[in-house]
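Laboratory data are not the source of any read-out in this text; all were calculated from the coordinates shown. Because the structure is a prediction, the values reported are computed rather than measured. Don't worry about glycine lacking a Cβ; one is built from the backbone with ideal geometry, like all the others, and counts go over all protein chains shown.
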Amino acid sequence: MGSGVLCLALLLACPGLADTETPWCSPVKVKYGYANCRTPQGGYYKNVLGTRCDIRCQKGYELHGPSQLICQSNKRWSGKVLCKQKRCPTLSMPANGGFKCLDGAYFGSRCEYYCSPGYQLKGDRTVTCMDNKVWSGRPASCVDTEPPRIQCPSVKEKIAEPNKLTARVFWDTPEGRDTADGILTDVILKGLSSGSHFPEGDHKIHYTVYDRAENKGTCKFLVKVRVRRCVKLNAPENGYLKCSGDGNNYGATCEFFCVGGYDLQGSPARVCQYNLGWSGVEPTCTPMNINVAVRSAAALLDQFYEKRRLLIISTPTAANYFYRMQLGMLQPAQCGLDLRHVTVIELVGVVPALIGRIGVKILPPPLALQLRLLLRISQNNFSLLVMDKHGMDKERYPFPATPAELFTLIDTFPLRKEEMLLQAEVGQSCP
């Protein structure tokens, strides 16, 4: 038997001899790890037949392969091991942002999130790959929390238009701008829109715009409308006035009127001007002065044109029953006659004993005769004639008429309807 065969037989028969022999397996080398080996007999060499090695990896690495290796009779270890660096799952890229990592996604790597302009980070800005292969903290997201921007115009001031208490104001509709994706909803207006007629005073205009994340942007401005005003006018004594607009605003017109029996002197209408002064001169109401020293009946009637209505009473004698009855009915109705701007003319008698009278003024006989002839009034019978302010013959009565009948007739005249409205506004009436 050869010496090599003898030695192998002795080694198998007496395993303890291997402890003092040459190492059997190659040394165990674990990159990024270490091996804890022990021999069956506690010998010096750590890789003799039967040696067992427990394999461990450094922190941040994980073992791939068996955790224990055995040196076998074929001079090979019972398996292969490898320590691989631990790796966390790949991070998801946040919408509207991103992240930067040091050392990728391996153990100990730090990743920092960032967001695109207009977006804010929600969650942990920095995460670290832990030993258990999970990321520390919460994965971040980028959200749009910044409100959109909208710029309103500055304060708008305007003077009310002539003879109005309003002004039409225009401005450009403000446009919103989103700091994120630029997508906005419609601009919402609170208040009157551009081009509207704004009344006097201050008016708040409020614009609102939303982005897709429902962030709200707002802007406000004031529309100021001012009314230029003159000093308030007063009605003249024994008269009244009617004004347009607000009575004393720029462009307003005030018309002046006198009560029955008075004539207007001065400007019949005045306008509030831009310089805050009134046009014309201040009017007054003076007692009507009837000139009976005229040459013709037409000249006499011209004095009443557009001023007074006439009630002409003609009688052949002062003792006439109808005449006396008519005067008796009109006497207590004087206020109603003045309210309706009625002047009474009496033609009494026949030629050559004919006289005329307007109140306390006596008409010369020739003028009274001309008046009868011009108006075709009979001198032989009682007659009552109603004329309007334009000298038109409106009604003739062959017998006395009651004040109620006369007032009902006169109140149907077109000019009288306007007068009634004015007198109602100023509170002019008879008791």
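What aspartates and glutamates could a cross-link reach from LYS46, if we take a straight Cα to Cα line under 18 Å and drop same-chain neighbours fewer than 8 places away?
Straight-line reach from LYS46, under 18 Å: ASP19, GLU21, ASP54.
Using the Cα centre as the reference, give the magnitude of the dipole from point charges on the C-beta atoms of region 297-426 (Lys, Arg: +1; Asp, Glu: -1; all else neutral), rounded to the nearest 20 debye. Mind showing how you got there, number by number?
On the way: 14 positive and 12 negative charges, 73 e Å.
The calculated dipole for region 297-426 is roughly 360 debye.
Would you count, across region 47-136, every pair of lysines whose alpha carbons are under 14 angstrom apart, provided the pair is eight or more residues apart or spans two chains? List each step's numbers first, then the result.
Details: LYS59/LYS84; LYS59/LYS86; LYS59/LYS133; LYS84/LYS133; LYS86/LYS133.
Count of close lysine pairs: 5.
So which trypsin sites (Lys or Arg not before Pro) in region 72-140 pass both tests, a DSSP loop state and at most 10 other Cβ atoms within 10 Å of the Cβ?
On the way: sites: LYS75, ARG76, LYS80, LYS84, LYS86, ARG87, LYS100, ARG110, LYS122, ARG125, LYS133; in loops: LYS75, ARG76, LYS80, LYS86, ARG125, LYS133.
Here the sparse-neighbourhood loop sites are LYS80.
Dipole size in debye (nearest 20) for the chain around its Cα centre, Lys and Arg Cβ +1, Asp and Glu Cβ -1? It would help to have the intermediate numbers written out before the result.
Working: 52 positive and 38 negative charges, 438 e Å.
Roughly 2100 debye for the chain.
Where does the longest stretch of the chain lie that holds no GluC sites (Glu not before Pro) found in a DSSP loop with 14 or fewer other Cβ atoms within 10 Å? Show your work: numbers first, answer last.
On the way: sites that count: GLU21, GLU175, GLU214, GLU237, GLU306.
In short, 22-174.
Between the DSSP loop rule and a limit of at most 11 other Cβ atoms within 10 Å, which trypsin sites (Lys or Arg not before Pro) in region 352-389 are left?
Values: sites: ARG357, LYS361, ARG372, ARG376, LYS389; in loops: ARG376, LYS389.
When the trypsin sites (Lys or Arg not before Pro) of region 352-389 are filtered for loop state and at most 11 Cβ neighbours within 10 Å, ARG376 remain.
Based on the Cα gyration tensor of region 280-431, what are the three equivalent ellipsoid semi-axes, each the root of five times an eigenvalue, rounded to whole Å and given largest first?
Working: eigenvalues 140, 74, 36 Å².
Semi-axes (√(5λ), whole Å): 26, 19, 13.
Given region 111-208, report the % of alpha carbon pairs whose separation exceeds 15 Å.
On the way: 3447 of 4753 pairs.
Of all Cα-Cα pairs in region 111-208, 73 percent lie more than 15 Å apart.
For the chain, take N as its residue count and report Rg(C-alpha) divided by 2.2 N^0.38 Å. Kindly include the intermediate steps, with their values, before the conclusion.
Working: Rg = 59.6 Å, N = 431, 2.2 N^0.38 = 22.1 Å.
It is 2.70.
Return the distance in nm (one decimal) between the two label points of a simple spin-label model at LYS232 and MET325, each offset 7 Å from Cα along Cα→Cβ.
For the pair LYS232/MET325, the computed spacing is 5.1 nm.
Modelled label-to-label distance, TYR32 and LYS100, 7 Å Cα→beta-carbon offset: nm?
Label-label distance for TYR32 and LYS100, simple model: 2.5 nm.
Say a site is exposed when it is one of the chymotrypsin sites (Phe, Trp or Tyr not before Pro), sits in a DSSP loop, and has at most 15 other Cβ atoms within 10 Å; what is then the longest site-free stretch of the chain?
306-431
Quote the FRET efficiency, to the nearest 0.05, computed for CYS335 versus LEU276 with a Förster distance R0 of 45 Å and r equal to the Cβ-Cβ distance. If you can, show how the numbers build up before the last one.
Working: r = 39 Å, r/R0 = 0.87.
E(calc), rounded to 0.05, equals 0.70.
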